[in-house]
Amino acid sequence: MMELYSDKGVQYGMPKGMDVVVVAYNKGIFDKYGVEYPKEGWTWDEFVAKGAELRDKIAEKGGEEYPLAMEIDEPQPSYLQLLVQEGLKIYSDDGLTTDLNDPKAVKPFADIVKLMDDKILPEYKILSDTKATDLFISEKAAMLYVGSWKSSVLDSASFAKNIGLIPMPTRENNHCALGGISYSMSASSKNKEAAWKLISYLSGPESNRIQAEARIEIPAYIAVQDAYGPTFQNIDGSIFIEQSKSAVKYPVHRAIATTTQIISDNAAAIFSRTVTPEEGVAKMAKEVQAAIDEYNATMK
């Protein structure tokens, strides 16, 4: 988290909290269709097989639930995690290139399209019209890729005691793109001493513990993370902490405001089948690289 807000040896922000992505599942739907719960340490292939088993048994009994929901209109709780788990950094460490040029970058997008083709994941239009989390909370989906920022929503669901949480299935690795929020002060502040005193408190142990106990977010201050899990009444919040232990920092670049939109727009074209995954990722990589080059050129 400290690295996430530093650049070239300069610390630009002090973390106040962090977020991860895990998989939530509705035990009631699994029980209804006689499907075993997923087990920690599962692989992507096992995850897909679990979705296919749910699909078949739901169809056999005339059910209407979806095996899986994923917020593919947002990168963090969907394809970003898959890209990271392919060992890709999105942006090179020197900030000059993008890993989207790597042939492996096509696979995460192609895998999501295949989930839709195989009727494990709802079609893009459905996921555009209705948030995946809403499908899960309304018990219309058996599994959900979910960010820890939705933890209170899960814990207060009508069937919360039937919600299981498990780390994401492993692809090449089980890493999670770790995001979060930090506090910074203006370089032109006239009250830097007071601002620093406030930032020191807000990013320190007492404030982080208050946030943990109020379930606001996972504290970035490691020493007080044990206060986060026990605050939940129904779900096992410790899974979020467990997933964070295999995390890498959220991919960042100074041109991220532009590149994020490029990635999202091209991902939407892929998922709506306007282009193939190969075409969409090639265009995405070209446009992201152009944005990086343009930014770097202005800094010379």
Tally of residues being touching a helix residue (DSSP H, G or I) at 6+ places or on another chain (Cβ under 6 Å), under 17 Å from Ala255 (Cβ atoms) and surrounded by 19 or more Cβ atoms within 10 Å (Cβ to Cβ) across region 82-96: 1
In region 125-157, how many are in contact with a Lys or Arg (Cβ under 9 Å, 6 or more places away or on another chain) and surrounded by fewer than 20 Cβ atoms within 10 Å (Cβ to Cβ)? 4
Gly180 fails exactly one of (1) surrounded by fewer than 14 Cβ atoms within 10 Å (Cβ to Cβ); (2) assigned to a strand (DSSP E or B), namely (1)
From Ala282, Ala269, Ala297, Ala291, which residue is in a helix (DSSP H, G or I), of a type in the set (Gly, Ala, Ser) and within 30 Å of Glu217 (Cβ to Cβ)? Ala291
Only one of Ala247, Ala255, Ala220 that is farther than 24 Å from Tyr25 by Cα, buried (at least 17 other Cβ atoms within 10 Å of the Cβ), within 17 Å of the chain's Cα centre (by Cα) and among the small types (Gly, Ala, Ser): Ala220
Any hit, region 228-238, residues being under 30 Å from Asp129 (Cα atoms), charged (D, E, K, R) and surrounded by fewer than 21 Cβ atoms within 10 Å (Cβ to Cβ): yes
Would you pick out the residues in region 1-14 that are surrounded by 14 or more Cβ atoms within 10 Å (Cβ to Cβ) and closer than 18 Å to Lys192 by Cα? Gly13, Met14
Every residue from region 112-124 that is in a helix (DSSP H, G or I) and buried (at least 17 other Cβ atoms within 10 Å of the Cβ): Ile112, Val113, Leu115, Met116, Tyr124
Considering only residues of region 26-59 that are of a type in the set (Gly, Ala, Ser) and not in a helix (DSSP H, G or I), which is surrounded by the fewest Cβ atoms within 10 Å (Cβ to Cβ)? Gly34
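Computed from the coordinates by the stated procedures, all read-outs in this text should not be read as laboratory data. Since we're looking at a predicted model, the values are computed, not measured. Using ideal geometry, Cβ is built from the backbone for each residue, glycine included, and neighbour counts are taken over all protein chains shown.
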